[in-house]
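Asks: Attaching a single structure in structure tokens format; questions to follow.
Read the figures in this text as sums done on the coordinates, not as results from a lab. Worth saying up front: this structure is predicted, and the values here are computed from it rather than measured. Here the Cβ positions follow ideal geometry from the backbone for every residue, glycine too, while neighbour counts run over all protein chains shown.
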Amino acid sequence: MRRVVGLVFLCAIVLSGTFAMSMTEEEKWTQFSGKGIVLHFLTEDTPAAGAIVSLLPEFEKKTGIKVEVTRTNVADLVTKLMLELGAGSSEIDVIYNARWQILPAFSDVLVDVSKFQQDPTLPHIPMDDFFKAHLIATSFFVDEKRQIAIPHDASTMIWFYRKDIFDKYREQFMAEKGYDWTPGPNITWDQYYEICDWINKNVPEVKYGAGHMAKQWNSLYCDFSNVFWSFGARGFENPKTESYGAIFPGRCLWDSPEAIEAAKFYKKLITEVAHPSSVGWDWASLAEAFAKGDEIAMCFNWHDYMMMFEDPTRSKVVGKVGVALMPKGKDGRSHNYYSGAGLSINGYIPEDRQKAAWLFLVWQADIPVQKEIFKMGSTPVRKSVYEDPEVKDWIRNGTYPGAKIAPVMLEAWKEENLEYVEAKIPQFVETLIIQYTHLSYMLEGKETPEEAMKRIVEEVNQATGYSKLIEQSK
Amino acid sequence: MSGFFKGLSGGEDMGFRNVELWMVLPAICVLVFISVYPFVFTIRLSFMDYPMIVTRNPIFTGFKNWIRMFSDVKTRQYWMVTLKYAVGALSLEMVLGFIVALLLSKLRFLQDLFTALMTVPLFFAPVLVGLLGRFLFHESYGIYTYFLRQVGLLRGVPSIFGYGPAAFFALICLDVWEWTPLVVIILLAGLKSLPQEIFEAAQVDGITTLQEVWYLTLPLLKRVILVALLVRTMDVIKYFDHILVTTRGGPADATKTISVAVYDQAFQAYQMGYAATLTVSALVVTMVLAQLFVRFVTGRSME
């Protein structure tokens, strides 16, 4: 009897294996056609999401799977996901894995997509075609073998500047200050400060040299981080918080001498030379101010905003914008803050919907869709897209906003230039609120840089459980 | 309530009344489900560490959240901001609302048209009003900012939403713009119901307009004013939408009311337990205030 059962089992395996092997590429894509599957994709409203929505009819035609897309801002997205995933809901199938806010907090309920990579009945994605830094940042949490997302977008902080102004006043500045002021990784933060100050006093085309996103919100944390990492400061004792992530980050290091020096410099920058409205601007308002043309000559912002700056209906600086890597840090390198996101599959949905969602993930990472993302103004996350002859032409001719910044982005995404700023820990959002609140207190003069950093460390250690751990060990 | 249960169990007042009670029972059940259950659950949450993230399980922590709330300097500050905001917004709304209602009541022609026009802001969703405020007070293209700078009122203010006192005042203005019409409508209804004989008699005696307002209108309208005050007070404590859209509580927590703090704790920091504690405390404050107002209306004012 046992032999018979064993034989039947073996036959079943062989048959299913043969069936899988015999599935054509088209059958892999159409296997859910006619089953009435409707996927719900919740995403931040990004250029990449726009490109996907415009191409959805192609996906539906190819697979017979319908996709409903909800696009919203990142704060609402995180709130909605938190409520849905926290309640064990299967309402959302494909999740825009909002940077470090969702991945560490809900990693356990996201599907390990490597199982689909090994499934012969499904199409696959060449994972080594993603930028390694993006893959680590967006797709793993703690467990290096459990892949819970695939890279989707790659928002990175870069330096936008008014090329026309910098060209016009280059000689005058050089004559006065003795160095070439062209933005890029050769400019130090002190020189950046000096350039801001010089523009404030000498350039009538704009009101101020630079604007910043120092509103008491995420943007303040991001803006300060540019300086923080450049001054050699680190977030936590555990270095894994900056790559694969950690449950226990160790002690918060925001009171290190480097961090305090960064805080002092940042306060000086914002309160003395930056546009005074900087304290009320987030990244969107900062981009609006830059696009207005007569407010500021420089800003650090997410690279996707190039699309807005090159859109004549939203910008007065079309064709006048230059981009560069961030200024040189104390360690001699440029620190470009990466905050890309991945796409994940909700682990609460049934197996067949998980597979259908996987088809969607594979499709959106495919080269034609990635090229469309390029056209919409963002930058693809697959390396091979940049090797495509047509894309090379676009880059050479600066055909699309994304093509204009692609060379700088490719440089920024190199391991040596990229910075994983957001600590990949489950309590990240809690620590984020603490950090930007005290930074705001510091900018308002309610706390000195030393006090602000000290309070941040105390409260963050409470939030991460480090303080409790130390108390228990005594 | 005991009569209700007696009715259900077939005690006194059988017959038609019993049928009535059975008929309202479904509505009461629905009310219990949608209102009482969440309320009890919120109170339970306030005694728990309920992080809403999968890697940490909810645990019962006793009075930890409550102790934290009473000892937290920041929470006291959020309450102070809420209080200052309530006093600022309510004073302006009541004074302006009373003046406008009085003027409207004196209109002989087109009173209905002007009243209808006055109510327009009430039809805007608070989030839209916040977005409108962000646009009007924008440093680069905000028309209010432009005019305020032209008349020199923003000297030393780097930007409206980037400077604590200015941001606070701008938010009060938004609230006043949106909600004064509600006060106007309530007070106008009250003014119309006042007995005209007293006013006519006073006018025969040669009363001035100011005397009429001070000695007749205000005392007679006291209860209606208190009702308007009660409605607006409860609303102001919940004030949230405009702040979230414009300042998100900044700069340096200058505009962070208790409602924004609740939102931050619940939906940003994932701390549902502590957020529930703050919510319950806000509820208690609202109830106490409501009770005070009601007593004032039904008690002292009756004397």
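Asks: What is the distance in Å between the Cα centroid of region A:354-419 and that of region A:155-184?
Replies: So the separation of the two Cα centres works out to 28 Å.
Asks: Give the Debye-formula value of log10 I(q)/I(0) at each listed q (0.10, 0.11 Å⁻¹), with one equal scatterer per alpha carbon of the protein assembly as shown, two decimals each.
Replies: The calculated log intensity ratios at q = 0.10, 0.11 Å⁻¹ are -1.14, -1.29.
Asks: Setting aside same-chain residues fewer than 8 positions from A:Lys328, which aspartates and glutamates have a Cα under 16 Å from its Cα?
Replies: A:Asp180, A:Asp190, A:Glu194, A:Asp223, A:Glu258, A:Glu261, A:Glu411, A:Glu415, A:Glu416, A:Glu419
Asks: Could you let me know the centre-to-centre spacing of region B:207-239 and region A:94-127, using Cα atoms, in angstrom?
Replies: One Cα centre to the other: 60 Å.
Asks: Give the value in nm², to one decimal: projected area of the alpha carbon convex hull of region B:170-303, averaged over all directions. Intermediate values should be presented prior to the final figure.
Replies: Values: hull surface 41.9 nm².
Taking a quarter of the hull surface, the average projection is 10.5 nm².
Asks: Could you work out the mean count of beta carbons from other protein chains within 10 Å of each residue's beta carbon in A:212-219? Numbers along the way, then the final one.
Replies: Numbers: counts 0, 0, 3, 7, 11, 5, 2, 1.
Mean shielding count: 4.
Asks: Name the residues whose placed amide hydrogens come within less than 5 Å of the amide hydrogen of A:Leu343, ignoring near sequence neighbours (fewer than 5 apart) on the same chain.
Replies: HN-HN under 5 Å from A:Leu343: A:Asn97, A:Ile150, A:His152.
Asks: Quick one: dipole size for region A:326-474, taken about the Cα centre, charges +1 on Lys/Arg Cβ and -1 on Asp/Glu Cβ, in debye to the nearest 20.
Replies: On the way: 19 positive and 22 negative charges, 51 e Å.
Once rounded to the nearest 20, the dipole reads 240 debye.
Asks: Here's something else I'd like to know. Run a plain Debye calculation on region A:247-350 (Cα atoms as equal point scatterers, no solvent) and give log10 I(q)/I(0) at q = 0.12, 0.13, 0.18, 0.19 Å⁻¹, rounded to two decimals, same order as the q list.
Replies: Here log10 of I(q) over I(0) equals -0.62, -0.71, -1.07, -1.13.
Asks: Take the cross-link list A:Lys28/A:Lys355; A:Lys80/A:Lys145; A:Lys163/A:Lys392; A:Lys355/A:Lys424 and give me the ones stretching past 18 Å between alpha-carbons.
Replies: Details: A:Lys28/A:Lys355 10 Å; A:Lys80/A:Lys145 28 Å; A:Lys163/A:Lys392 23 Å; A:Lys355/A:Lys424 28 Å.
As for pairs spanning more than 18 Å Cα to Cα, those are A:Lys80/A:Lys145; A:Lys163/A:Lys392; A:Lys355/A:Lys424.
Asks: Also: If you place +1 on the Cβ of every Lys and Arg, -1 on the Cβ of every Asp and Glu, and leave all else neutral, what size is the dipole of region B:72-298 about its Cα centre, to the nearest 20 Debye?
Replies: Details: 16 positive and 14 negative charges, 74 e Å.
So the magnitude is around 360 debye.
Asks: Compare the peptides A:209-221, A:337-349 by average per-residue count of other Cβ atoms within 10 angstrom and give them in order, highest first. Let's see the in-between values first.
Replies: Values: A:209-221: 27.2, A:337-349: 24.3.
For the peptides A:209-221, A:337-349, the packing ranking is A:209-221, A:337-349.
Asks: Given A:Lys264/A:Lys454; A:Lys267/B:Lys238; A:Lys292/A:Lys320; A:Lys383/A:Lys404, which pairs have Cα atoms separated by over 22 Å?
Replies: Details: A:Lys264/A:Lys454 13 Å; A:Lys267/B:Lys238 34 Å; A:Lys292/A:Lys320 12 Å; A:Lys383/A:Lys404 17 Å.
Pairs exceeding 22 Å: A:Lys267/B:Lys238.
Asks: Residues of A:82-89, mean number of Cβ from any other protein chain within 10 Å of their own Cβ, rounded to a whole number?
Replies: On the way: counts 7, 3, 0, 3, 7, 1, 1, 0.
The per-residue average across the peptide is 3.
Asks: Just from its helices, what would the mean residue ellipticity at 222 nm be for the protein assembly as shown, if runs of 4 or more DSSP H residues each count -39500 (n - 2.57) and the sum is divided by every residue, rounded to the nearest 500 deg cm²/dmol? Intermediate results must be reported in sequence, preceding the final value.
Replies: Numbers: 35 runs with 426 residues, N = 777.
Mean residue ellipticity, 222 nm, calculated: -17000 deg cm²/dmol.
Asks: If every alpha-carbon in region A:417-472 counts as one equal scatterer, what log10 I(q)/I(0) does Debye give at q = 0.17, 0.24, 0.27 1/Å?
Replies: Taken in order of the listed q values, log10 I(q)/I(0) reads -0.61, -0.94, -1.03.
Asks: Please work out the ratio of the alpha-carbon Rg of region B:72-298 to 2.2 N^0.38 Å and round it to two decimals.
Replies: Values: Rg = 20.1 Å, N = 227, 2.2 N^0.38 = 17.3 Å.
My calculation over the Cα atoms of region B:72-298 gives 1.16.
Asks: Please report how far the C-alpha centroid of region B:109-139 lies from that of region A:260-298, rounded to the nearest whole angstrom.
Replies: What the calculation gives is 32 Å, centre to centre.
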